[in-house]
1. Any number yet on Rg/Rh for segment 105-161, C-alpha, Kirkwood?
2. By the gyration tensor of its Cα atoms, with a ≥ b ≥ c the square roots of the eigenvalues, what is the shape of segment 63-156: rounded for a/c under 1.5, prolate for a/b over b/c, or oblate?
3. Over the C-alpha atoms of segment 191-245, what are the Rg and the largest Cα-to-Cα span, Dmax, in Å?
4. With 10 Å bins from zero, work out the P(r) of segment 84-273 over every alpha carbon pair and list the percent per bin.
5. If packing is taken as the average count of other Cβ atoms within 10 Å, what order do 153-165, 242-254, 226-238 fall into, highest mean first?
6. From the P(r) of segment 204-300, can you give the percent of Cα pairs sitting at distances over 15 Å?
């Protein structure tokens with residue numbers, strides 16, 4: 001080969017590799033700045049005492065008289081494991097997040113399926129209807145549910161006028177109102193990934209299943225659902241992860257029976273002014289979410305390798 005062509009080929013290969021590395025490095029740099037650095041700051045606060053003057057940044061390391069001292073405080077984590085309030089709050093948050101995810105999946109899957117099977121000219125309108133709530137402030141939408149579910153709210157007044165109930169139903173500040181608000185807020189995050197997955201599915205698989213004698217229900221369960229597994233997982237993660245740490249909806253629509261970890265975090269940060277304890281609670285929440293996700297991703301990768 002001509003030495004000039006060989007040098008040119010090597011230069012192009014080097015530039016392509018450099019460009020690829022740059023493209024890969026950008027999202028990793030963003031994740032480092034947006035997630036890893038804040039997490040390390042929170043972790044540091046959780047392992048230190050409150051600083052002088054009540055500030056959150058206490059001293060972890062100290063060097064005096066030729067002695068280097070590393071002082072790590074783990075009592076906050078021990079308190080979390082021993083205090084029943086924190087354990088019940090974690091379990092309550094996981095329970096409500098799981099129920100919200102399941103309800104969003106049950107409601108969102110048929111809607112996403114209908115959107116994917118609608119005419120191409122109708123799909124943008126349906127997509128706009130799904131995204132329309134985002135055009136309004138999140139707080140205003142949650143406050144609207146207070147007016148709907150209150151004892152003398154719109155829903156109770158409607159039921160009373162129709163004669164379906166004799167006295168107002170108590171729906172506010174209950175697990176019911178909490179789940180209504182969370183499902184309403186997070187439903188679009190389930191519909192959009194499902195729609196993106198279902199709209200790309202090849203309908204010829206369903207036609208082949210029908211030719212082989214499968215009923216529509218069998219074809220849906222054995223073909224559509226397995227092929228939409230990635231959309232189900234993506235939508236479930238988008239709903240479950242923020243729902244675990246939700247604060248606004250439990251504060252506005254929930255009651256004493258709906259204590260979630262977001263409310264505990266707020267109290268520790270701003271009521272008790274105990275930043276190390278609040279940071280410890282935050283670290284445990286992150287681990288509760290990330291560790292199962294990491295195990296699941298590892299299991300999924302192993303399955304793909306075996307396949």
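No lab work stands behind these numbers, since they all come straight from the coordinates. What you see is a predicted model, and the numbers here were worked out from it, not measured in a lab. Cβ atoms come from the backbone with ideal geometry, glycine included; neighbour counts cover every protein chain shown.
1. Working: Rg = 15.7 Å, Rh = 13.8 Å.
Here the Rg-to-Rh quotient is 1.14.
2. On the way: a/c = 2.77, a/b = 2.11, b/c = 1.31.
Note, shape of segment 63-156 comes out prolate.
3. Rg, Dmax (Cα atoms, Å): 13.8, 48.
4. Pair shares across the bins are 9, 28, 29, 22, 11, 2, 0.
5. Values: 153-165: 12.5, 242-254: 20.0, 226-238: 17.5.
The most tightly packed comes first, giving 242-254, 226-238, 153-165.
6. On the way: 3395 of 4656 pairs.
That fraction is 73 percent.
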